[in-house]
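Data block below; observations after.
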Amino acid sequence: MIMMITVFMEYKVNPDTIQSYETQMSSVIKELKVCGASEIQWFKAADQPSLYVECFQVKDKSTYDTIKKYRTTSGHPVFSSIEPFVTGGLEKIHCWAFEKMTIKEDL
């Protein structure tokens with residue numbers, strides 16, 4: 001059985017660039033798929049202005065590490081396109097990888 005990894009990416013967007021950022025995200029999401037991400041979800045915080053979260057699945061830690069590197073540095077042509085919109089730049093994108101846990105019940 002393949003154990004998928006759930007990835008969360010969280011960051012703030014400069015309030016005056018939100019419209020441009022949201023437009024560019026269609027290209028970012030397409031590129032995530034090319035890089036091996038699936039079940040991609042994109043959220044805007046209801047209670048924190050300009051806070052965005054992406055959530056998606058990858059097949060292994062290596063895929064996560066690659067995407068994290070591409071998303072947090074300016075070398076990738078698509079992912080770095082949102083750098084002008086992210087408060088503090090790409091290095092301020094917070095990334096986490098989680099493995100699903102199973103609850104073991106005593107019989």
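Please treat every number below as a calculation from the coordinates, not as lab data. None of the values given here were measured: they were computed from a predicted structure. No Cβ is skipped: glycine too gets one built from the backbone with ideal geometry, and neighbour counts run over all protein chains shown.
Along Cα→Cβ, 7 Å out, is where each label goes; now give me the distance between the ones at Phe98 and Met3 in nm to one decimal.
1.6 nm
Report the full-extension gain for the segment Thr17 to Asp60: residue separation times 0.36 nm, less the Cα-Cα distance, to one decimal in nm.
Numbers: separation 43, 0.36 × 43 = 15.48 nm, distance 3.33 nm.
Between Thr17 and Asp60, full extension yields an extra 12.2 nm.
Work out, step by step, the length gained on full extension between Gln24 and Glu105: first 0.36 nm times the residue separation, then minus their alpha carbon distance; give nm to one decimal.
24.6 nm
Calculate the FRET efficiency for Ala46 and Thr73 from the Cβ-Cβ distance with a Förster distance of 30 Å, rounded to the nearest 0.05. Could the numbers behind the result be given before it?
Numbers: r = 30 Å, r/R0 = 1.00.
Approximately 0.50, to the nearest 0.05.
In segment 5-99, how does Rg compare with the Kirkwood Rh, expressed as the Rg/Rh ratio over alpha carbon atoms?
0.93
In segment 46-107, which GluC sites (Glu not before Pro) fall in coil by DSSP and have 11 or fewer other Cβ atoms within 10 Å?
Those that pass, being in a loop and sparsely packed, are Glu105.
Under 15 Å from the Cβ of Thr66, count the other residues' Cβ atoms, weight Lys and Arg +1, Asp and Glu -1, and hand me the total.
Values: positive: Lys33, Lys59, Lys61, Lys68, Lys69, Arg71; negative: Glu31, Asp60, Asp65.
Net of charged neighbours comes to +3.
Restricting attention to segment 16-90, which trypsin sites (Lys or Arg not before Pro) occupy a DSSP loop and are surrounded by at most 15 other Cβ atoms within 10 Å?
Answer in residue order: Lys59.
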